[in-house]
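The values are calculated or read from the model by the stated rules, or taken from the named source; none is laboratory data. Since we're looking at a predicted model, the values are computed, not measured. Don't worry about glycine lacking a Cβ; one is built from the backbone with ideal geometry, like all the others, and counts go over all protein chains shown. To get the accessible areas, we keep the full protein, side chains included, count just its heavy atoms, and leave off ligands, DNA and RNA. Shrake-Rupley method; radii C 1.70, N 1.55, O 1.52, S 1.80 Å.
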Amino acid sequence: MRALRSSALTLFLTAAFLFAVGESAAAAQTAQGSPTLSSPVVGYRAGDAPPPAASSRLTWPPPPAPTRIRFIRSIDPAAVRGKPSVLSRVMRLLIGSSDAPQMQQPYGIAIAPDRKIYVADTFGRAIHVFDLERSRYSTVRVDGESLIGVAFAAGCLFVTDSASGRVLSLDTKGHKIWTLGRKEGFERPTGIATVGDRLYVVDTMQNRVVILSLAGAIIGSFGKRGDRPGQFNFPTNIARASDGRIYVTDTMNFRVQIFDADGRYLRAFGRLGDGSGDFDKPKGIAVDSGGHIYVVEGFNDVVQIFDEAGRLMLVFGESGFGFGQFWLPTGITIANDVIYVADSANRRVQIFEYLKDGR
(Lines give C-alpha, C1' and ligand atoms only; values in the text may rest on other atoms or scores of the structure.)
Protein backbone atom coordinates (compact mmCIF):
# COMPACT_ATOMS: atom_id res chain seq x y z
CA MET A 1 0.00 0.00 0.00
CA ARG A 2 2.85 2.37 0.91
CA ALA A 3 4.50 1.62 -2.44
CA LEU A 4 1.24 2.31 -4.24
CA ARG A 5 0.86 5.68 -2.49
CA SER A 6 4.46 6.53 -3.31
CA SER A 7 3.93 5.70 -6.99
CA ALA A 8 0.77 7.79 -7.13
CA LEU A 9 2.51 10.73 -5.48
CA THR A 10 5.44 10.42 -7.88
CA LEU A 11 3.08 10.37 -10.85
CA PHE A 12 1.19 13.40 -9.56
CA LEU A 13 4.38 15.39 -8.93
CA THR A 14 5.77 14.45 -12.34
CA ALA A 15 2.56 15.54 -14.06
CA ALA A 16 2.55 18.77 -12.08
CA PHE A 17 6.16 19.45 -13.04
CA LEU A 18 5.54 18.77 -16.73
CA PHE A 19 2.41 20.91 -16.64
CA ALA A 20 4.27 23.76 -14.96
CA VAL A 21 7.04 23.55 -17.56
CA GLY A 22 4.42 23.69 -20.31
CA GLU A 23 2.75 26.67 -18.67
CA SER A 24 6.06 28.51 -18.37
CA ALA A 25 6.86 27.85 -22.01
CA ALA A 26 3.44 29.09 -23.07
CA ALA A 27 3.86 32.22 -20.97
CA ALA A 28 7.27 32.87 -22.49
CA GLN A 29 5.86 32.42 -25.97
CA THR A 30 3.07 34.87 -25.18
CA ALA A 31 5.58 37.40 -23.87
CA GLN A 32 7.41 37.18 -27.19
CA GLY A 33 4.30 38.28 -29.05
CA SER A 34 2.53 35.05 -29.92
CA PRO A 35 -1.17 35.76 -30.61
CA THR A 36 -3.58 34.93 -27.78
CA LEU A 37 -7.27 35.37 -27.12
CA SER A 38 -8.22 38.51 -25.28
CA SER A 39 -9.16 38.44 -21.63
CA PRO A 40 -12.83 38.94 -20.71
CA VAL A 41 -14.07 42.52 -20.76
CA VAL A 42 -16.16 42.93 -17.64
CA GLY A 43 -19.13 45.28 -17.77
CA TYR A 44 -18.72 46.44 -21.36
CA ARG A 45 -21.19 49.16 -22.30
CA ALA A 46 -22.14 50.42 -25.73
CA GLY A 47 -19.87 53.28 -26.68
CA ASP A 48 -16.90 52.06 -24.64
CA ALA A 49 -13.56 51.78 -26.36
CA PRO A 50 -12.97 48.18 -27.45
CA PRO A 51 -10.44 46.09 -25.50
CA PRO A 52 -7.00 46.51 -27.11
CA ALA A 53 -6.35 42.78 -27.36
CA ALA A 54 -9.76 42.04 -28.87
CA SER A 55 -8.72 43.20 -32.31
CA SER A 56 -10.20 46.68 -32.47
CA ARG A 57 -9.34 46.62 -36.17
CA LEU A 58 -12.30 44.28 -36.77
CA THR A 59 -14.72 46.84 -38.12
CA TRP A 60 -17.23 47.00 -40.96
CA PRO A 61 -17.19 48.50 -43.52
CA PRO A 62 -13.40 48.53 -43.87
CA PRO A 63 -11.52 51.86 -43.65
CA PRO A 64 -11.57 54.56 -44.82
CA ALA A 65 -15.37 54.36 -44.69
CA PRO A 66 -16.93 55.33 -41.33
CA THR A 67 -17.23 52.34 -39.00
CA ARG A 68 -20.76 51.09 -38.46
CA ILE A 69 -20.15 47.65 -36.90
CA ARG A 70 -17.34 46.96 -34.45
CA PHE A 71 -16.32 43.65 -32.91
CA ILE A 72 -16.23 43.73 -29.12
CA ARG A 73 -15.54 40.27 -27.75
CA SER A 74 -16.36 36.58 -27.82
CA ILE A 75 -17.83 34.74 -24.84
CA ASP A 76 -18.22 31.15 -23.78
CA PRO A 77 -18.35 29.53 -20.32
CA ALA A 78 -14.57 29.24 -20.03
CA ALA A 79 -14.02 32.90 -20.94
CA VAL A 80 -16.22 34.10 -18.10
CA ARG A 81 -15.32 31.48 -15.50
CA GLY A 82 -11.62 32.13 -15.98
CA LYS A 83 -8.76 29.66 -16.14
CA PRO A 84 -9.10 26.53 -13.99
CA SER A 85 -6.66 26.06 -11.15
CA VAL A 86 -3.34 24.28 -11.64
CA LEU A 87 -4.59 21.43 -9.46
CA SER A 88 -7.74 20.90 -11.54
CA ARG A 89 -5.74 20.99 -14.77
CA VAL A 90 -3.23 18.48 -13.42
CA MET A 91 -6.04 16.16 -12.36
CA ARG A 92 -7.58 16.55 -15.81
CA LEU A 93 -4.22 15.56 -17.31
CA LEU A 94 -4.00 12.51 -15.05
CA ILE A 95 -7.53 11.14 -15.40
CA GLY A 96 -8.28 12.45 -18.87
CA SER A 97 -11.67 13.99 -18.09
CA SER A 98 -13.03 17.46 -17.61
CA ASP A 99 -16.04 18.96 -15.91
CA ALA A 100 -15.49 22.28 -17.67
CA PRO A 101 -18.85 23.50 -19.01
CA GLN A 102 -19.31 24.37 -22.64
CA MET A 103 -22.11 25.30 -24.96
CA GLN A 104 -23.07 22.46 -27.29
CA GLN A 105 -25.06 24.44 -29.85
CA PRO A 106 -26.08 27.95 -28.79
CA TYR A 107 -29.09 29.39 -30.57
CA GLY A 108 -31.55 31.85 -29.02
CA ILE A 109 -30.26 34.80 -26.97
CA ALA A 110 -32.10 37.11 -24.56
CA ILE A 111 -30.80 40.11 -22.61
CA ALA A 112 -32.38 40.84 -19.22
CA PRO A 113 -32.80 44.37 -17.80
CA ASP A 114 -29.82 43.72 -15.50
CA ARG A 115 -27.83 42.94 -18.67
CA LYS A 116 -27.39 39.25 -17.96
CA ILE A 117 -27.14 37.26 -21.18
CA TYR A 118 -29.31 34.14 -21.48
CA VAL A 119 -28.36 31.68 -24.24
CA ALA A 120 -30.48 28.66 -25.20
CA ASP A 121 -28.36 25.58 -25.90
CA THR A 122 -30.18 23.39 -28.42
CA PHE A 123 -28.62 20.08 -27.36
CA GLY A 124 -27.18 21.09 -24.00
CA ARG A 125 -30.52 20.98 -22.14
CA ALA A 126 -29.63 24.28 -20.51
CA ILE A 127 -29.84 28.04 -20.61
CA HIS A 128 -26.35 29.51 -20.18
CA VAL A 129 -26.27 32.68 -18.10
CA PHE A 130 -23.44 35.19 -18.51
CA ASP A 131 -23.12 38.03 -16.02
CA LEU A 132 -20.36 40.15 -17.53
CA GLU A 133 -20.73 42.84 -14.88
CA ARG A 134 -19.49 40.40 -12.23
CA SER A 135 -17.57 38.05 -14.52
CA ARG A 136 -19.84 35.19 -13.49
CA TYR A 137 -21.28 32.23 -15.34
CA SER A 138 -24.06 29.81 -14.41
CA THR A 139 -26.60 27.52 -16.04
CA VAL A 140 -30.32 27.00 -15.78
CA ARG A 141 -31.03 23.33 -16.41
CA VAL A 142 -34.07 22.71 -18.62
CA ASP A 143 -35.91 19.43 -19.11
CA GLY A 144 -36.06 19.78 -22.87
CA GLU A 145 -35.01 17.98 -26.03
CA SER A 146 -34.26 20.82 -28.43
CA LEU A 147 -34.04 24.33 -26.98
CA ILE A 148 -34.26 26.99 -29.69
CA GLY A 149 -35.74 30.31 -28.58
CA VAL A 150 -35.44 32.20 -25.31
CA ALA A 151 -37.02 35.45 -24.17
CA PHE A 152 -37.01 37.37 -20.91
CA ALA A 153 -39.92 39.37 -19.49
CA ALA A 154 -41.40 40.18 -16.07
CA GLY A 155 -38.54 38.42 -14.31
CA CYS A 156 -39.21 35.13 -16.12
CA LEU A 157 -37.66 33.09 -18.90
CA PHE A 158 -39.72 31.83 -21.82
CA VAL A 159 -38.20 28.97 -23.79
CA THR A 160 -39.22 26.95 -26.85
CA ASP A 161 -38.47 23.23 -26.79
CA SER A 162 -38.93 22.51 -30.46
CA ALA A 163 -38.67 18.73 -30.66
CA SER A 164 -41.19 18.15 -27.87
CA GLY A 165 -43.53 20.85 -29.17
CA ARG A 166 -43.53 22.84 -25.94
CA VAL A 167 -43.31 26.45 -24.80
CA LEU A 168 -42.03 26.77 -21.22
CA SER A 169 -42.24 29.57 -18.69
CA LEU A 170 -39.51 29.32 -16.04
CA ASP A 171 -38.23 31.37 -13.18
CA THR A 172 -34.54 32.28 -13.25
CA LYS A 173 -33.73 29.15 -11.21
CA GLY A 174 -35.32 26.92 -13.83
CA HIS A 175 -38.53 26.08 -11.97
CA LYS A 176 -41.51 25.66 -14.29
CA ILE A 177 -44.30 28.21 -14.04
CA TRP A 178 -46.38 26.92 -16.95
CA THR A 179 -46.07 24.72 -20.02
CA LEU A 180 -47.98 24.71 -23.30
CA GLY A 181 -47.64 21.88 -25.78
CA ARG A 182 -49.30 19.77 -28.42
CA LYS A 183 -52.66 19.66 -26.68
CA GLU A 184 -52.73 23.47 -27.03
CA GLY A 185 -51.96 23.14 -30.76
CA PHE A 186 -48.18 23.61 -30.84
CA GLU A 187 -46.20 21.33 -33.12
CA ARG A 188 -42.71 22.79 -33.62
CA PRO A 189 -42.22 26.06 -31.71
CA THR A 190 -38.95 27.80 -32.55
CA GLY A 191 -38.43 31.58 -32.42
CA ILE A 192 -39.87 33.60 -29.55
CA ALA A 193 -40.06 37.32 -28.78
CA THR A 194 -41.73 39.60 -26.26
CA VAL A 195 -43.59 42.82 -27.00
CA GLY A 196 -44.97 44.51 -23.89
CA ASP A 197 -47.10 41.96 -22.07
CA ARG A 198 -47.27 39.57 -25.01
CA LEU A 199 -45.23 36.63 -26.26
CA TYR A 200 -44.95 35.86 -29.97
CA VAL A 201 -44.03 32.25 -30.74
CA VAL A 202 -43.19 30.94 -34.21
CA ASP A 203 -44.60 27.46 -34.84
CA THR A 204 -42.56 26.31 -37.82
CA MET A 205 -44.58 23.24 -38.77
CA GLN A 206 -47.90 25.02 -38.31
CA ASN A 207 -46.69 27.96 -40.45
CA ARG A 208 -47.99 30.54 -38.02
CA VAL A 209 -47.14 32.87 -35.16
CA VAL A 210 -49.02 32.34 -31.90
CA ILE A 211 -49.65 35.28 -29.55
CA LEU A 212 -49.64 34.49 -25.83
CA SER A 213 -50.01 36.42 -22.61
CA LEU A 214 -47.13 36.22 -20.16
CA ALA A 215 -49.37 33.97 -18.05
CA GLY A 216 -49.62 31.44 -20.89
CA ALA A 217 -53.08 32.26 -22.25
CA ILE A 218 -53.45 32.01 -26.04
CA ILE A 219 -54.60 35.38 -27.37
CA GLY A 220 -54.55 34.60 -31.07
CA SER A 221 -52.40 33.70 -34.05
CA PHE A 222 -51.64 34.79 -37.59
CA GLY A 223 -50.33 33.12 -40.73
CA LYS A 224 -50.89 29.91 -42.64
CA ARG A 225 -49.07 27.84 -45.27
CA GLY A 226 -48.45 29.65 -48.55
CA ASP A 227 -46.34 32.21 -50.36
CA ARG A 228 -48.75 35.13 -50.47
CA PRO A 229 -48.39 38.20 -48.22
CA GLY A 230 -48.93 37.18 -44.60
CA GLN A 231 -48.50 33.48 -45.36
CA PHE A 232 -45.50 31.38 -44.35
CA ASN A 233 -43.41 28.48 -45.58
CA PHE A 234 -41.62 27.11 -42.52
CA PRO A 235 -40.91 30.33 -40.63
CA THR A 236 -38.24 30.04 -37.94
CA ASN A 237 -37.23 33.20 -36.10
CA ILE A 238 -38.84 36.40 -34.90
CA ALA A 239 -37.83 39.80 -33.56
CA ARG A 240 -39.51 42.97 -32.42
CA ALA A 241 -38.67 46.62 -32.99
CA SER A 242 -39.00 49.36 -30.41
CA ASP A 243 -42.26 50.51 -32.04
CA GLY A 244 -43.81 47.06 -31.56
CA ARG A 245 -43.52 45.85 -35.14
CA ILE A 246 -42.82 42.14 -35.60
CA TYR A 247 -40.22 40.74 -38.03
CA VAL A 248 -40.37 37.07 -39.07
CA THR A 249 -37.87 35.07 -41.11
CA ASP A 250 -40.09 33.22 -43.57
CA THR A 251 -37.29 30.77 -44.19
CA MET A 252 -38.43 28.63 -47.11
CA ASN A 253 -40.06 31.58 -48.83
CA PHE A 254 -36.61 33.22 -48.56
CA ARG A 255 -37.91 36.49 -47.24
CA VAL A 256 -38.56 38.60 -44.16
CA GLN A 257 -42.15 39.59 -43.40
CA ILE A 258 -43.10 42.55 -41.24
CA PHE A 259 -46.30 42.81 -39.17
CA ASP A 260 -47.78 45.18 -36.64
CA ALA A 261 -48.22 44.09 -33.02
CA ASP A 262 -51.63 42.58 -33.81
CA GLY A 263 -50.30 40.45 -36.64
CA ARG A 264 -51.49 42.60 -39.53
CA TYR A 265 -49.23 42.28 -42.57
CA LEU A 266 -47.25 45.39 -43.49
CA ARG A 267 -44.64 44.39 -46.09
CA ALA A 268 -41.92 41.90 -47.01
CA PHE A 269 -38.54 41.74 -48.70
CA GLY A 270 -36.07 39.12 -49.84
CA ARG A 271 -35.49 36.53 -52.53
CA LEU A 272 -33.69 33.22 -53.06
CA GLY A 273 -30.07 33.50 -54.16
CA ASP A 274 -26.45 33.26 -53.15
CA GLY A 275 -25.42 36.87 -53.72
CA SER A 276 -25.22 39.78 -51.33
CA GLY A 277 -28.71 40.72 -50.20
CA ASP A 278 -30.17 37.34 -51.22
CA PHE A 279 -31.35 34.64 -48.84
CA ASP A 280 -30.41 30.98 -48.77
CA LYS A 281 -31.24 29.80 -45.25
CA PRO A 282 -32.13 32.92 -43.24
CA LYS A 283 -32.14 32.24 -39.51
CA GLY A 284 -31.93 34.74 -36.65
CA ILE A 285 -33.31 38.26 -37.03
CA ALA A 286 -32.99 41.45 -34.96
CA VAL A 287 -33.52 45.21 -35.27
CA ASP A 288 -31.27 48.04 -34.01
CA SER A 289 -32.25 51.51 -32.78
CA GLY A 290 -32.04 52.92 -36.29
CA GLY A 291 -34.61 50.46 -37.63
CA HIS A 292 -32.00 48.42 -39.52
CA ILE A 293 -32.86 44.74 -39.89
CA TYR A 294 -30.14 42.15 -39.23
CA VAL A 295 -30.58 38.69 -40.75
CA VAL A 296 -28.23 35.78 -40.04
CA GLU A 297 -27.36 33.71 -43.11
CA GLY A 298 -26.43 30.45 -41.42
CA PHE A 299 -24.93 28.57 -44.36
CA ASN A 300 -23.02 31.58 -45.65
CA ASP A 301 -21.63 32.54 -42.21
CA VAL A 302 -22.54 36.23 -42.44
CA VAL A 303 -24.98 38.74 -41.02
CA GLN A 304 -26.73 40.94 -43.58
CA ILE A 305 -28.11 44.35 -42.62
CA PHE A 306 -31.05 45.92 -44.47
CA ASP A 307 -32.88 49.21 -44.19
CA GLU A 308 -36.62 49.33 -43.53
CA ALA A 309 -37.34 49.12 -47.26
CA GLY A 310 -35.31 45.90 -47.56
CA ARG A 311 -32.28 47.45 -49.27
CA LEU A 312 -28.97 45.84 -48.34
CA MET A 313 -26.82 48.23 -46.34
CA LEU A 314 -23.90 46.15 -45.06
CA VAL A 315 -22.63 42.60 -44.55
CA PHE A 316 -20.32 41.53 -41.73
CA GLY A 317 -18.60 38.28 -40.84
CA GLU A 318 -17.14 35.45 -42.87
CA SER A 319 -16.48 31.72 -42.53
CA GLY A 320 -13.88 30.74 -39.95
CA PHE A 321 -12.98 30.30 -36.31
CA GLY A 322 -11.36 33.63 -35.41
CA PHE A 323 -12.84 36.82 -34.03
CA GLY A 324 -15.53 38.22 -36.31
CA GLN A 325 -15.80 34.91 -38.17
CA PHE A 326 -18.69 32.45 -37.96
CA TRP A 327 -19.36 28.77 -38.37
CA LEU A 328 -23.06 28.06 -38.87
CA PRO A 329 -24.39 31.06 -36.90
CA THR A 330 -28.03 30.91 -35.82
CA GLY A 331 -29.60 33.32 -33.34
CA ILE A 332 -29.11 37.05 -32.94
CA THR A 333 -30.43 39.73 -30.63
CA ILE A 334 -29.72 43.44 -30.15
CA ALA A 335 -29.99 45.39 -26.90
CA ASN A 336 -28.98 49.06 -26.70
CA ASP A 337 -27.24 48.66 -30.07
CA VAL A 338 -25.00 45.88 -28.76
CA ILE A 339 -25.30 42.91 -31.11
CA TYR A 340 -25.11 39.31 -29.85
CA VAL A 341 -24.70 36.52 -32.41
CA ALA A 342 -24.89 32.80 -31.59
CA ASP A 343 -21.89 31.35 -33.41
CA SER A 344 -23.29 27.84 -33.06
CA ALA A 345 -20.68 25.47 -34.46
CA ASN A 346 -17.92 27.53 -32.82
CA ARG A 347 -19.82 27.09 -29.51
CA ARG A 348 -19.72 30.72 -28.51
CA VAL A 349 -21.52 34.04 -28.67
CA GLN A 350 -19.81 36.93 -30.42
CA ILE A 351 -20.58 40.50 -29.42
CA PHE A 352 -20.49 43.51 -31.74
CA GLU A 353 -21.66 47.10 -31.58
CA TYR A 354 -23.67 49.21 -33.99
CA LEU A 355 -22.21 52.72 -34.16
CA LYS A 356 -25.11 54.92 -35.14
CA ASP A 357 -23.01 57.99 -35.93
CA GLY A 358 -20.06 56.17 -37.51
CA ARG A 359 -16.43 56.56 -36.41
Exercise for review: Show the residues, 5+ positions off or on another chain, whose built amide H is closer than 5 Å to the amide H of Arg348.
Suggested key: Asp343
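What's the magnitude of the charge dipole for region 263-359 around its Cα centre, counting Lys and Arg as +1 and Asp and Glu as -1 at the beta-carbon? Answer in Debye, nearest 20.
Numbers: 10 positive and 13 negative charges, 55 e Å.
Roughly 260 debye, rounded to the nearest 20.
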Review point. Taking 0.36 nm per intervening residue step and subtracting the Cα-Cα distance, what contour gain separates Asp337 from Asp260 on full extension?
Key: 25.5 nm
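Plugging the Kirkwood radius over Cα pairs into Stokes-Einstein for region 188-292, at a temperature of 4 °C and a viscosity of 1.567 mPa s, what D comes out in µm²/s?
Working: Rh = 13.6 Å.
The Stokes-Einstein estimate is 95 µm²/s.
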Revision key, fill the gap. For region 208-359, the accessible surface attributable to carbon and sulfur atoms (probe 1.4 angstrom, ligands and nucleic acids excluded) amounts in percent to 47
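Which value, in Å², gives the accessible area per residue of region 311-356 when a 1.4 Å probe is used on the protein heavy atoms?
Values: 1710 Å² over 46 residues.
I get 37 Å² per residue for this part.
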Review point. With labels modelled as points extended 7 Å from the Cα through the Cβ direction, what inter-label distance (nm, one decimal) is found for Gln102 paired with Ala154?
Key: 3.9
Study note, to complete from the structure: Of the candidates Gly284, Leu272, Val295, the farthest towards the positive dipole end of region 248-347 (Lys/Arg Cβ +1, Asp/Glu Cβ -1, centred on the Cα centre) is Leu272
Check your understanding: Between Ala154, Phe130, Gly174, whose Cα lies farthest towards the positive end of the dipole of region 129-204 when Lys and Arg beta carbons carry +1 and Asp and Glu beta carbons carry -1, centred on the Cα centre?
Key -> Gly174
Exercise for review: Roll a 1.4 Å probe over the protein chains and send me the accessible area per residue for region 134-245 in Å².
Suggested key: 43
Practice item. Report the calculated FRET efficiency for Ala217 and Arg115 (r = Cβ-Cβ distance, R0 = 22 Å), to the nearest 0.05. Key: 0.15
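Dipole magnitude of region 180-245 about its Cα centre, charges +1 at Lys/Arg Cβ and -1 at Asp/Glu Cβ only, in debye to the nearest 20?
Its charge dipole is roughly 160 debye.
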Review point. Tell me, what is the FRET efficiency for Arg271 and Ser319 to the nearest 0.05, using R0 = 25 angstrom and their Cβ-Cβ distance as r?
Key: 0.65
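With a ≥ b ≥ c taken as the square roots of the eigenvalues of the C-alpha gyration tensor of region 123-166, please select rounded if a/c is under 1.5 and otherwise prolate if a/b is larger than b/c or oblate if it is not? Display every interim value, and only then the final one.
Values: a/c = 3.09, a/b = 1.67, b/c = 1.85.
Judged from the Cα gyration tensor, region 123-166 comes out oblate (a/c at least 1.5, b/c at or above a/b).
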**Study point:** Per-peptide average of other Cβ atoms within 10 Å, ordering 166-177, 183-194 highest first
**Key:** 183-194, 166-177
Check your understanding: Please state the relative contact order of region 113-227 as a whole percent: Cα pairs under 8 Å, 6+ residues apart?
Key -> 14
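For region 199-321, calculate the relative contact order in percent as a whole number, restricting contacts to Cα pairs under 8 Å that are 6 or more residues apart. If you can, show how the numbers build up before the last one.
Details: 300 pairs, mean separation 17.6, N = 123.
Reported as a whole number, the value is 14 percent.
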**Study point:** FRET E, pair Lys183, Ser242, Förster distance 45 Å, beta-carbon r, rounded to 0.05
**Key:** 0.80
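Please state the charge dipole magnitude for region 206-309, taken about the Cα centre, from unit charges on C-beta atoms (+1 on K and R, -1 on D and E), reported in debye and rounded to the nearest 20. Each step should come with its number before you reach the end.
Numbers: 12 positive and 13 negative charges, 106 e Å.
In total the dipole reaches around 520 debye.
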